[in-house]
Amino acid sequence: MLVQEFSSADWAAACALRLTDALSDAVAANGRAVFAGSGGSTPTPIYRVMAQAPLDWSRIAVTLIDERYVPESDDQSNARLLKQTLLTGAAAQARFVPLYHPAVTVDRAAALATRALAPEGRLDAVLLGMGEDGHICSMFPDSPTLRTLLTPELAPAVLGVPMGREGMAPSLERLTINLPYLVHAGRVVLALTGAAKRRVFEDQLRGDPAVTPIAALVAHNVPLEVLWTEAAP
């Protein structure tokens, strides 16, 4: 798997360009497009660049690859981050499709999110990040949901992820798309920063695709591009 290297000054713009090009192509071909973004601190500069792109945002649906099981008013909400960084200016015309629903359980919320996302079809552009434990989306090592999330034969869906036990991640219940959403996506950009995460990525490539998300992306031919910079912008 080729890792594309960029200076810190160019990395965010390079990530954003690949994503907005995929969205522009989808709008031109189909009259509409779907973008799925990640949370955390890594994508913030990418979102700020994307928000300036001259796209017909009114034809674009925006969702998340994963979400904490908290309302948008919570500081830990990925939806809140997305609205503060990407869905601003002209990009605020995009239609947001949340994963979080105030249901009784996280699994019920996941079922509602699956139903809400289904009419949108495939994801035309996806921005992934990776944790230092190798997780992408909310596919955490040793999670009881991991093998199901990484089963490529299932239909694209959103699943609930329980809290980790005995100090393991995640610290909150979560919602996440599964591997089939990524397999059928138009373009998937994995944005990495720092030497430590690059080492983790290269180590994870050698893992078992049944339980190693990074290895699963490659084994199942996800249309993946990995963009790395040594220092965060």
**Request:** Go through (1) open to solvent by less than 20 Å² (accessible area, probe 1.4 Å); (2) part of a strand (DSSP E or B) and name the single condition Met130 misses.
**Result:** (2)
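Against the condition free of Cβ contacts under 8 Å to residues at least 40 places away in the same chain, hydroxyl-bearing (Ser, Thr, Tyr) and within 23 Å of Met50 (Cα to Cα), how does Ser143 come out, does it pass? Before you say what the answer is, go through the steps one by one.
Numbers: free of Cβ contacts under 8 Å to residues at least 40 places away in the same chain: yes; hydroxyl-bearing (Ser, Thr, Tyr): yes; within 23 Å of Met50 (Cα to Cα): no.
No: the conditions fail for Ser143.
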**Prompt:** Does Asp25 qualify as being assigned to a loop (DSSP other than H, G, I, E, B), of a type in the set (Asp, Glu), over 17 Å from the mean Cα position of the chain (by Cα) and surrounded by fewer than 18 Cβ atoms within 10 Å (Cβ to Cβ)?
**Reply:** no
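Looking at region 141-153, is at least one residue part of a loop (DSSP other than H, G, I, E, B), polar (S, T, N, Q) and surrounded by 17 or more Cβ atoms within 10 Å (Cβ to Cβ)?
Within region 141-153, one or more residues are part of a loop (DSSP other than H, G, I, E, B), polar (S, T, N, Q) and surrounded by 17 or more Cβ atoms within 10 Å (Cβ to Cβ).
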**Message:** Here's a check for you: in region 215-233, which residue that is open to solvent by 40 Å² or more (accessible area, probe 1.4 Å) and assigned to a helix (DSSP H, G or I) is farthest from Glu5 (Cα to Cα)?
**Reply:** Ala219
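Just for region 79-98: of the residues that are of a type in the set (A, V, I, L, M) and assigned to a helix (DSSP H, G or I), which one is nearest to Ser24 (Cα to Cα)?
So in region 79-98, the residues of a type in the set (A, V, I, L, M) come out as 79, 81-82, 86-87, 90-92, 94, 97.
Right, trim to assigned to a helix (DSSP H, G or I) and you get 79, 81-82, 90-92.
Details: Ala79: 23, Leu81: 23, Leu82: 20, Ala90: 15, Ala91: 13, Ala92: 16 Å.
The qualifying residue nearest to Ser24 (Cα to Cα) is Ala91.
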**Request:** Those residues that are free of Cβ contacts under 8 Å to residues at least 24 places away in the same chain and of a type in the set (A, V, I, L, M), I need them from region 98-110; list them, please.
**Result:** Ala103, Val104
**Message:** Criterion first (free of Cβ contacts under 8 Å to residues at least 60 places away in the same chain and not aliphatic (A, V, I, L, M)) does Pro213 satisfy it?
**Reply:** no
**Asked** Just wondering, is there one or more residues in region 197-214 that are in a strand (DSSP E or B), open to solvent by 30 Å² or more (accessible area, probe 1.4 Å) and touching a Lys or Arg at 6+ places or on another chain (Cβ under 9 Å)?
**Response** no
**Message:** Here are the criteria: (1) in a strand (DSSP E or B); (2) within 18 Å of Arg174 (Cβ to Cβ); (3) in contact with a helix residue (DSSP H, G or I) (Cβ under 7 Å, 6 or more places away or on another chain). Tell me which single one Val34 does not satisfy.
**Reply:** (2)
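Considering only region 212-233, state which residues are among the β-branched types (Val, Ile, Thr) and under 18 Å from the mean Cα position of the chain (by Cα).
Going residue by residue through region 212-233, those that are among the β-branched types (Val, Ile, Thr) are 212, 214, 218, 222, 226, 229.
Across region 212-233, the qualifying residues are Thr212, Ile214, Val218, Val222, Val226.
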**Message:** Quick check on region 166-173. Is at least one of its residues surrounded by 15 or more Cβ atoms within 10 Å (Cβ to Cβ) and either polar (S, T, N, Q) or without any contact (Cβ under 8 Å) to a residue 12 or more places away in the chain (or both)?
**Reply:** no
**Item:** Tabulated pairs, region 177-205, first in contact (Cβ under 8 Å) with a residue 40 or more places away in the chain and of a type in the set (A, V, I, L, M, F, W, C), second part of a helix (DSSP H, G or I) and open to solvent by 10 Å² or more (accessible area, probe 1.4 Å), C-beta under 7 angstrom, 6+ apart or interchain
**Value:** Val189/Arg18; Leu192/Arg198; Leu205/Val218
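The values are calculated or read from the model by the stated rules, or taken from the named source; none is laboratory data. Because the structure is a prediction, the values reported are computed rather than measured. Methodologically, a virtual Cβ is constructed for each residue, glycine included, from the backbone with ideal geometry; neighbour enumeration extends over all protein chains shown. The protein model used for the area step is the full one, side chains on, heavy atoms only, and it has no ligands, DNA or RNA in it. Shrake-Rupley method; radii C 1.70, N 1.55, O 1.52, S 1.80 Å.
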